[in-house]
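All remarks here apply to the structure that follows.
The values are calculated or read from the model by the stated rules, or taken from the named source; none is laboratory data. Nothing here was measured: the structure is a model prediction, and the numbers come from that model. All Cβ positions, even for glycine, are placed from backbone atoms using ideal geometry, and neighbour counts span all protein chains on display.
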Amino acid sequence: MTINIILLGPPGAGKGTQARRLVEERGLVQLSTGDMLREARSSGTEMGRVVADVMDKGQLVTDEIVIGLIREKLETVDAPGFIFDGFPRTLPQADALQDLLAGMGRQIDAVIEMQVDDTALVERITGRFTCANCGEVYHDATRPTAKEGVCDVCGSTDLRRRADDNADALKTRLLEYYKKTSPLIGYYYARQKLHPVDGLAEIDEVAEQMGQVVASVATVSRDEVYSGA
């Protein structure tokens, strides 16, 4: 029995941070579109060569290619569950993922929507920086490093800010999210899969909320198995 989860929320809501928590604490596997494309490009597989060819030409990777990468992962990785982070982003992608999972006898068990206030989100993002070595995320005001310029986790001094972590760039990214991705909230609500959490709460509190969702979904899935549903 596996549990498949989608994380939804605008850029900067903390999806990556919470996905890592679920990976560490529950053994789930994070399926990040960007990571899968980078892995495929250097893998030497047939799908990897397709990805490399498209990217080398400066073209956009199609939904079909991404779905193919997801299928490969689902077929080859043994895990208690998967987290879809950054996919789907559009309604057609959601339909494609639904069809893929149905064909494999699987389903999306929960869609966790990380709800945020846009103004507070801008304040959060403009102060954010990340360790380039281990990926730990910090913030100037709410989570600075214990020693200035040094990562608390791995000791690296390679701390970086994303070029688009500024107010103007974030507003553009938010507009893109609301135009293309936010319709998924209604899509999954209608399928009774949506579970909202407070994305602006403290990291541990958000993790606790998400843990409760995962536990409730796991209980339902287990009961369905035992009842023969």
Review point. Can you tell me which residues in the range 77-124 are part of a helix (DSSP H, G or I), more than 21 Å from Pro196 (Cα to Cα) and modelled with pLDDT under 90?
Key: Glu123
**Study point:** Residues (hydroxyl-bearing (Ser, Thr, Tyr) and not in a helix (DSSP H, G or I)) located in the range 155-183
**Key:** Ser156, Thr157, Thr181, Ser182
Check your understanding: Which numbered condition trips up Ala40, out of (1) assigned to a loop (DSSP other than H, G, I, E, B); (2) over 30 Å from Leu200 (Cα atoms); (3) touching a residue at least 24 places away in the same chain (Cβ under 8 Å)?
Key -> (1)
Review point. For the subset of the range 198-229 comprising residues that are more than 30 Å from Gly12 (Cβ to Cβ) and of a type in the set (Val, Ile, Thr), which member is modelled with the highest pLDDT?
Key: Thr219
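Could you please give the count of residues in the range 125-150 that are part of a loop (DSSP other than H, G, I, E, B) and either over 18 Å from the mean Cα position of the chain (by Cα) or of a type in the set (Lys, Arg) (or both)?
As a first pass, look at the range 125-150 and keep what is part of a loop (DSSP other than H, G, I, E, B): 127, 132-136, 140-142, 144-146, 148-149.
Next, only the ones that are either over 18 Å from the mean Cα position of the chain (by Cα) or of a type in the set (Lys, Arg) (or both) stay: 127, 132-133, 140-142, 144-146, 148-149.
Looking only at that region, the number is 11.
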